[in-house]
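Asker: Attaching a single structure in structure tokens format; questions to follow.
The values are calculated or read from the model by the stated rules, or taken from the named source; none is laboratory data. The model shown is predicted, which means the values in this text are computed figures rather than measured ones. Cβ sites come from the backbone with ideal geometry, for glycine too, and all protein chains shown count toward neighbours. For accessibility, only protein heavy atoms count, side chains too; no ligands or nucleic acids. Shrake-Rupley method; radii C 1.70, N 1.55, O 1.52, S 1.80 Å.
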Amino acid sequence: MANDARERFTLLARTRTYLTSSPILLLERFGLLLALGAVVLWFSLSGIGELFVSSANITNILVGGAVVGIVALAMLPPLIGGHFDLSVAAVASVSNITVASAIGKHGAPILVGVLVGVLIGALLGAVTGFLVAKMRLNAFVVTFGVYILLNGLSTWYTEGAQIVAGIPPSLGEWSGNGFLGLPRPFVALVIVAAVLWYALMQIPWGRHLEAIGSNEAAARLVGIHVDRAVWMAFVASGALGGIAGALLTTILGAGDPTAGLSYLFPAFAAVFLGATTIRPGRYNVVGTVIGVYFVGIAVSGLSLRGADTWVQPTFNGAALILAVALSTYLARVRERRESRAVTSSEKVPTPARESSHRGVTA
């Protein structure tokens, strides 16, 4: 009886909270999507509208967002588990070089070269995850060190030059073709996003990572295998970084030791922007993809309007700061709401209390 009364009270409290504050909740959930629509509308109706909505520009935006989108998605599993992964962009660079080298220098078939690149990314993620999850080293410091180390090794292996010799034209042509009217790199991003969404939202591993990110000590107490879940998060991050690098090879038609590094900060901006929408205060897949294209579309529109080269990094930096501030604020709001909901549920009168209040004694 007490549990039934408590559940009814909690349900009524949540319903009342939703009905009284739903406009604010809806604005929080879909605010970035509305802002994205406003940006598209503004550039479409401005003096560059014809160029902005041209199929060539739309294709450039979709393809340009594909690699940064997968790099951003690769950051999600460790972040949800409470750990930064700064090494993803460098892993993408290593995968890019590996695929180009395997195909161009060693004559491997394209599919084998791509699989080797993804496998190398997963192995690098496994090593990083071991240092963080098993050795309990600080994730920020370790992944920053891995980022620098891989950058140095990539420069040493390639001698700072691109790998272009021996790469068949069909590799570069793959990303230039479409599938169902959409560029293939964008289709690859959608597939990766769908798989990651399923892994994070529909299987226990994703829920365990959220519990670990909220309170690692409490997660251990309820029996979650924290070390294993965090380790798997870094393995997944490395594998996704490897996919981003392989996709970058098909877009460039070459291996470039510095190409992947430029995606680090735009990816971070997208991840934190994504945490302000769909599931405000939480890192999430759909919000991250929206964040990627919010930044990409805005930068594309500004470039078409003749903005100088300093505008893009300035916009990315401002978006990152704003996104961090908003996501932090929304996370705190969510924690206060959950705290109030728990407090309200604890105040539900039990049958014993009700009897006492009515002056009924045994």
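Asker: For the structure I just gave you, tell me whether Ala56 is open to solvent by less than 20 Å² (accessible area, probe 1.4 Å) and either assigned to a loop (DSSP other than H, G, I, E, B) or closer than 30 Å to Thr258 by Cα (or both).
Answerer: For Ala56, the condition - open to solvent by less than 20 Å² (accessible area, probe 1.4 Å) and either assigned to a loop (DSSP other than H, G, I, E, B) or closer than 30 Å to Thr258 by Cα (or both) - is not met.
Asker: Let me ask something else about it. Can you confirm whether Ala267 is touching a helix residue (DSSP H, G or I) at 6+ places or on another chain (Cβ under 9 Å), of a type in the set (A, V, I, L, M, F, W, C) and open to solvent by less than 10 Å² (accessible area, probe 1.4 Å)?
Answerer: Yes; evaluated as a whole, the condition is true for this residue.
Asker: Can I ask one more? List pairs: first in the stretch 165-181 and touching a residue at least 60 places away in the same chain (Cβ under 8 Å) and more than 18 Å from Val63 (Cα to Cα), second of a type in the set (Gly, Ala, Ser) and part of a helix (DSSP H, G or I), Cβ under 7 Å, 6+ apart or cross-chain?
Answerer: Close Cβ pairs (under 7 Å, with a partner that is of a type in the set (Gly, Ala, Ser) and part of a helix (DSSP H, G or I)) amount to Ala165/Gly104; Gly166/Gly104; Ile167/Ala100; Ile167/Gly104.
Asker: Could you name every one of the helices (runs of 4 or more DSSP H) located completely within the stretch 186-255 that has at least 2 residues being of a type outside the set (S, T, N, Q), touching a residue at least 40 places away in the same chain (Cβ under 8 Å) and open to solvent by 20 Å² or more (accessible area, probe 1.4 Å)?
Answerer: 204-214, 226-252
Asker: Same structure, new question: So, in the stretch 276-319, how many residues would count as being within 21 Å of Phe52 (Cα to Cα), part of a loop (DSSP other than H, G, I, E, B) and either among the charged types (D, E, K, R) or at pLDDT 85 or above (or both)?
Answerer: 2
Asker: I would also like to ask the following. Looking at Phe272, Phe234, which is the one that is of a type in the set (Phe, Trp, Tyr), modelled with pLDDT of 95 or more, touching a Gly at 6+ places or on another chain (Cβ under 8 Å) and closer than 22 Å to Ser214 by Cβ?
Answerer: Testing whether each residue is of a type in the set (Phe, Trp, Tyr), modelled with pLDDT of 95 or more, touching a Gly at 6+ places or on another chain (Cβ under 8 Å) and closer than 22 Å to Ser214 by Cβ leaves just Phe234.
Asker: Right, another one. Tell me which of these Gly107 doesn't satisfy, since it passes every other one: (1) in contact (Cβ under 8 Å) with a residue 12 or more places away in the chain; (2) in a helix (DSSP H, G or I); (3) over 21 Å from Ala211 (Cα atoms).
Answerer: Looking at each condition in turn, Gly107 falls short on (2).
Asker: Please pick out the residue among Gly37, Gly47, Gly64 that is more than 30 Å from Asn215 (Cα to Cα), part of a loop (DSSP other than H, G, I, E, B) and out of contact with any His (no Cβ under 7 Å at 6 or more places or on another chain).
Answerer: Gly47
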